[in-house]
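K.L.:
Here it is, the structure, as structure tokens.
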Amino acid sequence: MGMGSQVESYKKTMSTPRQPRETRAGLEPLAVLPVFVPLQDKRAVLAGSNGGAPWKVKLLAAAGARVDVYAEAPSEELRGVPSEIAAGSVTLHERRWTPEDLQGAAFAIGAMEDEEDCIAFVAAARAAGAIVNAVDRPHLCDVKFGAIVNRSPLVVGISTEGAAPVFGQTVRARIEAMLPRGFKHWVAAARDWREAVTSRFHGFSERRGFWERFTDRAFAEPDRTPTEADLADLLGQTEALPLGGAVTLVGAGPGDAELLTLKALRALRNADVILYDDLVAPEILDYARREARTMLVGKTGHGPSCRQDDINALMVSLAKSGKQVVRLKSGDPLVFGRAGEEIEACEAAGIPCTIVPGVSAAQGAAAALGVSLTHRDAARRLQFVTGHDRRGALPEDLNWGALADRSVTTVVYMPKRTLRALLERAVAEGLAPETPALVVFNATRAKQATVAGTAADLAGRIEASDLEGPALLMVGEALRRHNARGADAPVEIRAEAS
């Protein structure tokens, strides 16, 4: 395809730009609804004495409930429960339960061996208005117990809906290892300080800002008990900050969600609105807070895209309305991400704009391939180049002498449309035809694939591969060892993520 036809094709593709659109339709389906039931000073009833009864009584009491236990022949373990509790109260009645025993109960648990007896208990409990659980009988339960991580008043509940209890316990252990025990002091402080914060800050964004800084401090010093000095300092910091909306340009990395930086995670957590491109991996949006609006502003290479001016206008408009806006870009926003235009738009409108760098596509691809882009025996310089100009054609002002330099590793972003023309021109300008070259598709993602070759034959290999997805071209002697490893299999495809 000639240069003129390339340009015309690009113009035709771009003639009907996309419009920004919201994408979050709601939560994915839930097997169960996770809810937390306050039982402090409320009455609870447990009837029966099967193996699960003692633990269930301890749970009810730990939640502050006044627990009446009815068991004709309680086990020794069940008899010992009243002396072991640290909260609530437990009264053991050594007799069979009656429907009258359930009056006034907020929660009821059937822990009997006999199925018919359990069915009758569940019916009586529901008639009395209690929430019902039946030990080892999920078909009779209104609610079910899961694994618990206790950093009270921070409580984490985990459910596998009975499918894999051991898996749930393992998840619980992992979460417990991640949550320092000192968090309970910070959450207790949050409970005690909430009224003071609410009375000081009437705006939602100010209150949220306070609690964001509170959370950052808790994670930085989890094993310290917060004091009134912390409250005063956090209140002062919040009052000193300017009011109104702002924009944060955030690098989402090349695809793997685990490559997000901590600062990027914090920005996603704080955002009211997230404007993101097609190349951002969907799972990265899962880190946003649930209330945030997510809007696809669809910028893709050579495909229908939202106009940059429209994106700028939307971003500024949202910030002017008081929103915290995250502009989420694949890779690093400062590397071929058109961040300059968005920064200028914010500056012109007087909107505060900050930047959170991300792992660039070049870094992610090199790491996924195990390639050093600046190996001291092969490359003394690293250069990033764009594969097309504003018209979608091969840029005429590329430094072809630099591209032909044997001591440099060149990474070409967005190379698919112009790859053949770029490599043929580079060879004509002095790049050795045998120079190792490769293209990485979907770098760091489950469907990552690599096509390896030389400057002379790589274009043909790419055209024969029929691979799709975001691509990155790498050229240089630093790739020779990688390409030699894959000499017998020039197309490498990573296995699907499990």
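The values are calculated or read from the model by the stated rules, or taken from the named source; none is laboratory data. Please read all numbers here as calculations on a predicted model, not as lab measurements. Heads up, the Cβs are rebuilt from the backbone with ideal geometry, glycines too, and the neighbour counts pull from every protein chain shown. Note: areas computed on protein heavy atoms with side chains; ligands, DNA, RNA excluded. Shrake-Rupley method; radii C 1.70, N 1.55, O 1.52, S 1.80 Å.
K.L.:
For segment 360-381, how many residues meet the condition of being open to solvent by 30 Å² or more (accessible area, probe 1.4 Å), more than 19 Å from Ala452 (Cα to Cα) and not acidic (Asp, Glu)? It would help to see each step written out before you state the result.
P.N.:
Taking segment 360-381 first, the residues open to solvent by 30 Å² or more (accessible area, probe 1.4 Å) are 363, 367-368, 370, 372, 374-377, 380-381.
Next cut, more than 19 Å from Ala452 (Cα to Cα) only: 376-377, 380-381.
Retained after the next criterion (residues that are not acidic (Asp, Glu)): 376, 380-381.
Going through segment 360-381 one residue at a time, the tally reaches 3.
K.L.:
Also, I was wondering about something else. Restricting the search to segment 198-217, which residues are surrounded by 14 or more Cβ atoms within 10 Å (Cβ to Cβ) and of a type in the set (A, V, I, L, M, F, W, C)?
P.N.:
Within segment 198-217, Phe201, Phe210, Trp211, Phe214 qualify.
K.L.:
Would you confirm whether or not segment 106-119 contains a residue that is within 22 Å of His139 (Cβ to Cβ), in a loop (DSSP other than H, G, I, E, B) and open to solvent by less than 40 Å² (accessible area, probe 1.4 Å)?
P.N.:
yes
K.L.:
Where residues in segment 218-238 are within 23 Å of Ala264 (Cβ to Cβ) and open to solvent by 40 Å² or more (accessible area, probe 1.4 Å), which of them is modelled with the highest pLDDT?
P.N.:
Glu221
K.L.:
Please identify the pairs in which a residue from segment 150-173 that is open to solvent by 70 Å² or more (accessible area, probe 1.4 Å) has its Cβ atom under 7 Å from the Cβ atom of a residue that is among the polar types (S, T, N, Q), counting only partners at least 6 apart or on another chain.
P.N.:
Phe167/Thr160
K.L.:
Could you tell me whether any residue of segment 313-323 is touching a Gly at 6+ places or on another chain (Cβ under 6 Å), modelled with pLDDT of 90 or more and surrounded by 22 or more Cβ atoms within 10 Å (Cβ to Cβ)?
P.N.:
Looking for residues that are touching a Gly at 6+ places or on another chain (Cβ under 6 Å), modelled with pLDDT of 90 or more and surrounded by 22 or more Cβ atoms within 10 Å (Cβ to Cβ), one finds at least one in segment 313-323, hence yes.
K.L.:
Pairs only if they're at least six apart or on different chains, beta carbon under 8 angstrom, first in segment 210-225 and of a type in the set (Gly, Ala, Ser), second open to solvent by less than 70 Å² (accessible area, probe 1.4 Å) and outside any helix (DSSP H, G or I); list them, first residue then second.
P.N.:
Ala218/Pro226
K.L.:
Under 6 Å by Cβ, and 6 or more places apart or on different chains, what pairs join a residue from segment 67-83 that is crowded, with 22+ Cβ neighbours inside 10 Å with one that is part of a loop (DSSP other than H, G, I, E, B)?
P.N.:
Every condition considered, the pairs that remain are Tyr70/Trp97; Ala71/Ser49; Leu78/Ser49.
K.L.:
Are any residues in segment 337-355 more than 28 Å from the chain's Cα centre (by Cα) and surrounded by fewer than 12 Cβ atoms within 10 Å (Cβ to Cβ), and if so, which ones?
P.N.:
Listed by number, the residues that qualify are Glu347, Ala348, Gly350.
K.L.:
Still on this structure, I have one more. Among the residues of segment 427-479, what is the count of those that are touching a Phe, Trp or Tyr at 6+ places or on another chain (Cβ under 6 Å) and open to solvent by 30 Å² or more (accessible area, probe 1.4 Å)?
P.N.:
Residues in segment 427-479 being touching a Phe, Trp or Tyr at 6+ places or on another chain (Cβ under 6 Å) and open to solvent by 30 Å² or more (accessible area, probe 1.4 Å): 2 in total.
K.L.:
Kindly check whether there is at least one residue in segment 445-452 that is more than 29 Å from Leu259 (Cβ to Cβ), hydroxyl-bearing (Ser, Thr, Tyr), in a strand (DSSP E or B) and at pLDDT 90 or above.
P.N.:
Scanning segment 445-452 turns up no residue that is more than 29 Å from Leu259 (Cβ to Cβ), hydroxyl-bearing (Ser, Thr, Tyr), in a strand (DSSP E or B) and at pLDDT 90 or above.
K.L.:
From the list Glu424, Glu396, which one is open to solvent by 20 Å² or more (accessible area, probe 1.4 Å) and not in a loop (DSSP other than H, G, I, E, B)?
P.N.:
Glu424
K.L.:
Same structure, new question: Test Leu59 against the stated conditions and say whether it is more than 20 Å from Pro138 (Cβ to Cβ), touching a residue at least 24 places away in the same chain (Cβ under 8 Å) and outside any loop (DSSP other than H, G, I, E, B).
P.N.:
no
K.L.:
While we're on this one: Kindly indicate the residue of segment 382-393 that is touching a Lys or Arg at 6+ places or on another chain (Cβ under 8 Å) and either at pLDDT 95 or above or open to solvent by 20 Å² or more (accessible area, probe 1.4 Å) (or both) and also farthest from Pro470 (Cα to Cα) among those meeting that condition.
P.N.:
Only one residue tops the list, namely Arg391.
K.L.:
If you check every pair at least six apart or on different chains, which have Cβ atoms under 6 Å apart with a residue in segment 259-270 that is open to solvent by less than 50 Å² (accessible area, probe 1.4 Å) first and a residue that is hydrophobic (A, V, I, L, M, F, W, C) and at pLDDT below 90 second?
P.N.:
Listed pairs, sorted by first residue: Leu268/Ala288.
K.L.:
Please specify each residue of segment 399-415 satisfying the condition of being in contact with a helix residue (DSSP H, G or I) (Cβ under 8 Å, 6 or more places away or on another chain) and either within 22 Å of Pro470 (Cβ to Cβ) or open to solvent by less than 10 Å² (accessible area, probe 1.4 Å) (or both).
P.N.:
Residues satisfying the conditions are Leu403, Val408, Thr409, Thr410, Val411, Val412, Tyr413, Pro415.
K.L.:
Would you confirm whether any residue within segment 21-33 is modelled with pLDDT of 95 or more and among the β-branched types (Val, Ile, Thr)?
P.N.:
For segment 21-33, residues modelled with pLDDT of 95 or more and among the β-branched types (Val, Ile, Thr): absent.
K.L.:
Select from segment 226-258 the residues that are without any contact (Cβ under 8 Å) to a residue 12 or more places away in the chain and within 28 Å of the chain's Cα centre (by Cα) and list them in ascending order.
P.N.:
Listed by number, the list holds a single entry, Glu258.
K.L.:
Then there is this: Under 6 Å between Cβ atoms, at least 6 apart or on separate chains: pull out the pairs that start in segment 362-375 with a residue that is among the β-branched types (Val, Ile, Thr) and end on any residue that is open to solvent by 20 Å² or more (accessible area, probe 1.4 Å).
P.N.:
Between residues of segment 362-375 that are among the β-branched types (Val, Ile, Thr) and residues that are open to solvent by 20 Å² or more (accessible area, probe 1.4 Å), the close pairs are Thr374/Leu382.
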